[in-house]
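Step one of this worksheet: look at the structure below.
The values are calculated or read from the model by the stated rules, or taken from the named source; none is laboratory data. Small disclaimer: the values here were computed from a predicted structure and weren't measured. FYI the Cβ positions are ideal-geometry reconstructions off the backbone, even for glycines, and counts take in every protein chain you see.
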């Protein structure tokens, strides 16, 4: 069953340049069929992910950005299991979870996360969760067991006053992202009580690789009209393609075609910012529905590799999640009997590497809990030349799931 939107995962994470995968053994399945509640959750994630991406782009001055809405959503969903009262209601509204019970949410994530990791032998997708809490902090057993049962969360108590705890947390992050993200925190505050973590790692080989001998130096016009001379990959392939007054779009498949990179290129007179401004759930669905298979699409695009990090506290507050961050108003009594417990920060880091072989991506989200003190019937080539800032996403076809979404204004590629 297909969802009406594209799932952002992000929340969340693309090889070494050769995009070699770990020897991960999975039971490959052919399709994902979502039940009604899971489809509702996917559409909720889509709506949340598109909105938070738009806001982050507005507030960030960095040229290249990328997030994993899945990673963000899953980390907040684990935290949601400890919320109550108006705090819980606000989180439901911001995450678009109204109409779903906690059991619906947890069961749907369990099914989705499991299915997404076992679709394609040519795509390595790993999704991991963890909860670390201070050894002098009494956590309710129901909160722990729920997150272990539904999210397979690793749970461990640590001495938060010891520097070794920071190393333990960052080592977990590095391991789960294949060393693409080496750390998520610099230190632990005396007021910190718990860190909830989600990590996503993705490594996909193109269904049809770009020929490295076809990569050549071409011009790329930046937002400020500066011209860069950079290596551009080239290939001609049978691809899904669409266009409208705002943009051209293609899908580049990985492996057996379950996972794809969607490229959104602004039409002449438009910009990537114009595309981002129109990134609503409805528009995304319409753009994806307009894809048609074309036999001869000539793709010219840059390699790109970059890392991005952002703090999500202020963005989430702008979206309406206010009480969760308030020391006096937050209600996380589902975690522990502490009236001052609240979210002190939400951190998000991501990494992506796109080259001739495929794509490698990773993302980590940390929620820190603390206290205060169509044309003619003939062969016709379509030229898709990515020579200016563009938007990209990595998606899964059965769920229409976007695992990552980003914008590239400066396609640098440093070995």
Given (1) closer than 28 Å to residue 284 by Cβ; (2) in contact with a strand residue (DSSP E or B) (Cβ under 8 Å, 6 or more places away or on another chain); (3) crowded, with 20+ Cβ neighbours inside 10 Å, number of the condition residue 400 does not satisfy: (2)
Qualifying position, being surrounded by fewer than 22 Cβ atoms within 10 Å (Cβ to Cβ), touching a helix residue (DSSP H, G or I) at 6+ places or on another chain (Cβ under 9 Å) and assigned to a strand (DSSP E or B), among 183, 126: 126
Some residue of the range 287-305 being in contact with a helix residue (DSSP H, G or I) (Cβ under 7 Å, 6 or more places away or on another chain) and either assigned by TED's automatic domain parsing to the domain that holds residue 56 or modelled with pLDDT of 95 or more (or both): no
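Condition test on residue 364, is it in contact with a helix residue (DSSP H, G or I) (Cβ under 7 Å, 6 or more places away or on another chain), part of a strand (DSSP E or B) and in the same structural domain as residue 267 (by TED's automatic domain parsing)?
no
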Residue match in the range 319-334 (condition: crowded, with 23+ Cβ neighbours inside 10 Å, at negative phi and assigned to a strand (DSSP E or B)): no
Extreme residue, surrounded by the fewest Cβ atoms within 10 Å (Cβ to Cβ), among residues of the range 242-259 that are at pLDDT 95 or above, out of contact with any helix residue (DSSP H, G or I) (no Cβ under 7 Å at 6 or more places or on another chain) and outside any strand (DSSP E or B): 245
Residues that are in contact with a strand residue (DSSP E or B) (Cβ under 9 Å, 6 or more places away or on another chain) and farther than 25 Å from residue 361 by Cβ, drawn from the range 167-189: 188, 189
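Of everything in the range 129-147, what is in contact with a strand residue (DSSP E or B) (Cβ under 7 Å, 6 or more places away or on another chain) and not in a helix (DSSP H, G or I)? Give them in sequence order.
129, 130, 131, 132, 133, 134, 135, 137, 139 - these are the residues of the range 129-147 that are in contact with a strand residue (DSSP E or B) (Cβ under 7 Å, 6 or more places away or on another chain) and not in a helix (DSSP H, G or I).
Test residue 347 against the criterion of being at pLDDT below 95, part of a strand (DSSP E or B) and crowded, with 19+ Cβ neighbours inside 10 Å, and give yes or no.
So residue 347 does not fit the description; no.
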Test set (1) in the same structural domain as residue 197 (by TED's automatic domain parsing); (2) under 27 Å from residue 93 (Cα atoms); (3) in a loop (DSSP other than H, G, I, E, B) - residue 399 fails condition number: (1)
Considering residues of the range 99-121 that are surrounded by fewer than 20 Cβ atoms within 10 Å (Cβ to Cβ) and modelled with pLDDT under 90 only, the residue farthest from residue 190 (Cα to Cα): 121
Search result, residues across the range 265-316 that are outside any helix (DSSP H, G or I) and farther than 24 Å from residue 233 by Cβ: 269, 278, 279, 280, 290, 309, 310, 311, 312
